[in-house]
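**Student:** To start, I am sharing the structure in question, which I have written as structure tokens.
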Amino acid sequence: MTNVLTDLINSRTALYGANREAFKYKNGSTWESTSWTALKESVDNIAAAFEILGIEECQNIAIFSANRPEIVISDFAAYANRVVPISLYATSSQDQVEYIVNDARCGMILVGDQKQYEIARKALDKCPTLKQIITFDEITPNDGDTATMTFSHLMKLGEKASEKTREEVAARSSRAQADDIATIIYTSGTTGEPKGAVLPHSCFNAVMRIHKERLTNLSDKDTSLCFLPLSHIFEKAWTYFCLWMGINVAINNDPREIQTAIKEVRPTCMCSVPRFWEKVYTAVQEKLTEASKLERWIASMALNVGRRRNLKYVRTGQKVPWLTEKLYQFFFRKVFLPMQKAIGVENGNIFPTAGAPLSANIVEFMHSCGINIVVGYGLSETTATVTCYPLFNYEIGTCGTTMPEVNVKIGDNNEILVKGPTVMRGYYNKPEATAEAFTADGWFRTGDAGYFDENGELVLTERIKDLFKTSNGKYIAPQALESRLGEDKYIEQVAVIGDKRKYVTAIIIPAFEALKEYAHKKHIQYRNMEELLKNADIKKMIQERIDRLQENFAGFERIKKFTLLPQAFTMEAGELTNTLKIRRPVINSHYAREIEAMYA
């Protein structure tokens, strides 16, 4: 069987040609279109240029950039050469870049902007295998830098390639095997150094097959907004799947501009992490609090009808009663459609979300409003999706049912174990870590705890390493609390504390702008953020909101004390991974004084 990724550009160009857009991307203030024919021409030229520069079959190359079309072109040019492209997060530090380039023995690194070029340039001296830097931006290399070439120069090199070079690339493509490595995904890791999950082409062959079988409501009439970093397995696998399906992809190059991009593109589908929908939810709730009593009453009526129609009937595949449908269409026009348009999702088909728990309250709210959130569960090591909502009869509060051809069982300590064609081969250059990651009979240990409900749907309870026990012997799942508090418009980040402690506490980063607005409305005077966070009225307001949010938690699980911090957790400080998960050991160390004060 031909590898999907090796053949994708040729097969889809043959199908769609010059008259169909493969993707579009933002260039200044306008979105520029790239047809399948133009994409194939670019991929062919870059593939030829790679061969001219001496990139060998099965060699690893690194791509270090924020989202942009050159990543897609470079990835598929690599696949045409049987070369392994390894994506690094655009926010990676000098040490992280050097570690990955050395671990994977990369011969080339393609970088986005000036900052990434400077990091790559320094890495040349510390990475013996690294010989070539390619810059996507038109950067002028430093004096004496003979190792750097711009992407436009690389493209021209490929355009002038001889027939012999192009024949060699074609020969390489023909030699591609399903067990060739497609990519290595370096997990950012909440503890320890990164590990490279080796994903052969067979994993992606299976991903395309099983997602097409599961996601039957998608077609080449859909449009996807590429929002998460293409270095994230969720976005990488999703974007590949969209291209393979003929779904038009809009590449958003700046995650800070997502609210603008989504309104300009109006996608029918988009994969995201829960934080995106948490922010949407808090923005909608804030609008409701500012609405008149009549508007709030209408919104409440609309939500009741939407919940009945979408969750009782549509979710279960039943015919919606005539009156319920009529009421829903009325409220859809008056309430839900304007809300969806304000977000940019009024054309919505499905919106997959994974990567962390998303509160069941938010999922239910979005479905009631006609926004089809598809909750899933997966890891880098499983080429993303392990489970997700089926089209009908999914249960909110779960991560859906197991994907076709994937097997899941619950092991010791309620650990979720996975086996199937999408599971990684192992960790690159780490035989001991690989051995630890699998059971004796070949099941991958996810490190996540969960169980199957009576309908066979997976319920994720916690990251096993995150579970802690209070000094009273009670187990606490911090992510459940953190997810719940993430619903609040005044809370931006939370780290729950309590391991071997008498009770549970939290370090909280407030949503600063929302807090300033609250202070203004309440006429609270302050000189700086530190002073505002010490204000008794602010603390009381946050405490009351936390108390309401954790009403359904057991008494021993609830946060008894909290500390508000005037600065966010950051990747630069090592407090967050590149996928924005908190690094608990680092936070415990950085804020030891504040934590001890809560237990004094």
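The values are calculated or read from the model by the stated rules, or taken from the named source; none is laboratory data. Please read all numbers here as calculations on a predicted model, not as lab measurements. All Cβ positions, even for glycine, are placed from backbone atoms using ideal geometry, and neighbour counts span all protein chains on display. Remember, those area values only see protein heavy atoms, side chains included, never the ligands or the DNA or RNA. Shrake-Rupley method; radii C 1.70, N 1.55, O 1.52, S 1.80 Å.
**Student:** Could you figure out which of (1) without any contact (Cβ under 8 Å) to a residue 12 or more places away in the chain; (2) small (Gly, Ala, Ser); (3) not in a helix (DSSP H, G or I) isn't true of residue 171?
**Tutor:** Residue 171 satisfies every listed condition except (3).
**Student:** May I pose another question? Restricting to the stretch 420-462, name every residue that is touching a Cys at 6+ places or on another chain (Cβ under 6 Å) and open to solvent by less than 40 Å² (accessible area, probe 1.4 Å).
**Tutor:** Once the filter is applied, which keeps residues that are touching a Cys at 6+ places or on another chain (Cβ under 6 Å) and open to solvent by less than 40 Å² (accessible area, probe 1.4 Å), the stretch 420-462 yields 422, 458.
**Student:** Which condition number does residue 108 fail, the rest of (1) open to solvent by less than 20 Å² (accessible area, probe 1.4 Å); (2) more than 25 Å from residue 253 (Cβ to Cβ) being met?
**Tutor:** Answer for residue 108: the failing condition is (2).
**Student:** Select from the stretch 487-505 the residues that are in contact with a strand residue (DSSP E or B) (Cβ under 7 Å, 6 or more places away or on another chain) and closer than 19 Å to residue 363 by Cα and write down the one among them that is most open to solvent (accessible area, probe 1.4 Å).
**Tutor:** Across the stretch 487-505, the extreme among qualifying residues is 492.
**Student:** Being within 23 Å of residue 177 (Cα to Cα), touching a Pro at 6+ places or on another chain (Cβ under 6 Å) and not β-branched (Val, Ile, Thr) narrows it down to one of 75, 44, so name that one.
**Tutor:** 75
**Student:** Looking only at the stretch 375-407, which residues are hydrophobic (A, V, I, L, M, F, W, C), out of contact with any helix residue (DSSP H, G or I) (no Cβ under 8 Å at 6 or more places or on another chain) and buried (at least 23 other Cβ atoms within 10 Å of the Cβ)?
**Tutor:** Once the filter is applied, which keeps residues that are hydrophobic (A, V, I, L, M, F, W, C), out of contact with any helix residue (DSSP H, G or I) (no Cβ under 8 Å at 6 or more places or on another chain) and buried (at least 23 other Cβ atoms within 10 Å of the Cβ), the stretch 375-407 yields 386, 399.
**Student:** Condition check: of a type in the set (Phe, Trp, Tyr), within 26 Å of residue 354 (Cα to Cα), open to solvent by 20 Å² or more (accessible area, probe 1.4 Å) and in contact (Cβ under 8 Å) with a residue 60 or more places away in the chain. Does residue 553 satisfy that?
**Tutor:** Yes: the conditions hold for residue 553.
**Student:** Within the stretch 120-142, identify whether any single residue is among the aliphatic types (A, V, I, L, M), assigned to a helix (DSSP H, G or I) and surrounded by 14 or more Cβ atoms within 10 Å (Cβ to Cβ), and answer yes or no.
**Tutor:** Yes: the stretch 120-142 contains one or more residues that are among the aliphatic types (A, V, I, L, M), assigned to a helix (DSSP H, G or I) and surrounded by 14 or more Cβ atoms within 10 Å (Cβ to Cβ).
**Student:** In the stretch 35-51, is there at least one residue being among the hydroxyl-bearing types (Ser, Thr, Tyr), open to solvent by 50 Å² or more (accessible area, probe 1.4 Å), assigned to a strand (DSSP E or B) and free of Cβ contacts under 8 Å to residues at least 40 places away in the same chain?
**Tutor:** Taking every residue of the stretch 35-51 in turn, none turns out to be among the hydroxyl-bearing types (Ser, Thr, Tyr), open to solvent by 50 Å² or more (accessible area, probe 1.4 Å), assigned to a strand (DSSP E or B) and free of Cβ contacts under 8 Å to residues at least 40 places away in the same chain.
**Student:** Moving on. Failed condition for residue 219, given (1) polar (S, T, N, Q); (2) more than 27 Å from residue 66 (Cα to Cα); (3) assigned to a helix (DSSP H, G or I); (4) without any contact (Cβ under 8 Å) to a residue 40 or more places away in the chain, with all others met?
**Tutor:** Going through (1) polar (S, T, N, Q); (2) more than 27 Å from residue 66 (Cα to Cα); (3) assigned to a helix (DSSP H, G or I); (4) without any contact (Cβ under 8 Å) to a residue 40 or more places away in the chain one by one, residue 219 breaks only (3).
**Student:** For the stretch 301-327, give me the residue count where each residue is closer than 14 Å to residue 371 by Cβ and either open to solvent by less than 50 Å² (accessible area, probe 1.4 Å) or in contact (Cβ under 8 Å) with a residue 12 or more places away in the chain (or both).
**Tutor:** 8
**Student:** Answer yes or no: is there a residue in the stretch 337-355 that is modelled with pLDDT under 95, surrounded by 21 or more Cβ atoms within 10 Å (Cβ to Cβ) and either out of contact with any helix residue (DSSP H, G or I) (no Cβ under 8 Å at 6 or more places or on another chain) or within 21 Å of residue 234 (Cα to Cα) (or both).
**Tutor:** yes
**Student:** Can you name the number of the only condition in (1) over 25 Å from the mean Cα position of the chain (by Cα); (2) within 19 Å of residue 375 (Cβ to Cβ) that residue 268 fails?
**Tutor:** Only one criterion in (1) over 25 Å from the mean Cα position of the chain (by Cα); (2) within 19 Å of residue 375 (Cβ to Cβ) is unmet by residue 268, namely (1).
**Student:** Ok, one more. Taking the stretch 6-34 as the search range and keeping residues that are outside any strand (DSSP E or B) and among the basic types (Lys, Arg), which one is surrounded by the fewest Cβ atoms within 10 Å (Cβ to Cβ)?
**Tutor:** For the stretch 6-34, the residue satisfying everything is 20.
**Student:** State which residue is surrounded by the most Cβ atoms within 10 Å (Cβ to Cβ) when the search covers only the stretch 222-245 and only residues that are in a helix (DSSP H, G or I) and under 12 Å from the mean Cα position of the chain (by Cα).
**Tutor:** 238
**Student:** All but one of (1) more than 28 Å from the chain's Cα centre (by Cα); (2) touching a residue at least 40 places away in the same chain (Cβ under 8 Å) hold for residue 524; state the number of the condition that does not hold.
**Tutor:** Among (1) more than 28 Å from the chain's Cα centre (by Cα); (2) touching a residue at least 40 places away in the same chain (Cβ under 8 Å), residue 524 violates only (2).
**Student:** Let me ask something additional. Can you go through 180, 222 and tell me which one is in contact with a Cys (Cβ under 8 Å, 6 or more places away or on another chain) and farther than 30 Å from residue 266 by Cα?
**Tutor:** Working: 222 fails: farther than 30 Å from residue 266 by Cα.
Step by step, each of 180, 222 is checked, and only 180 is in contact with a Cys (Cβ under 8 Å, 6 or more places away or on another chain) and farther than 30 Å from residue 266 by Cα.
**Student:** I'd like to verify a number: residues in the stretch 365-374 that are touching a strand residue (DSSP E or B) at 6+ places or on another chain (Cβ under 7 Å), part of a loop (DSSP other than H, G, I, E, B) and open to solvent by less than 20 Å² (accessible area, probe 1.4 Å), how many?
**Tutor:** 1
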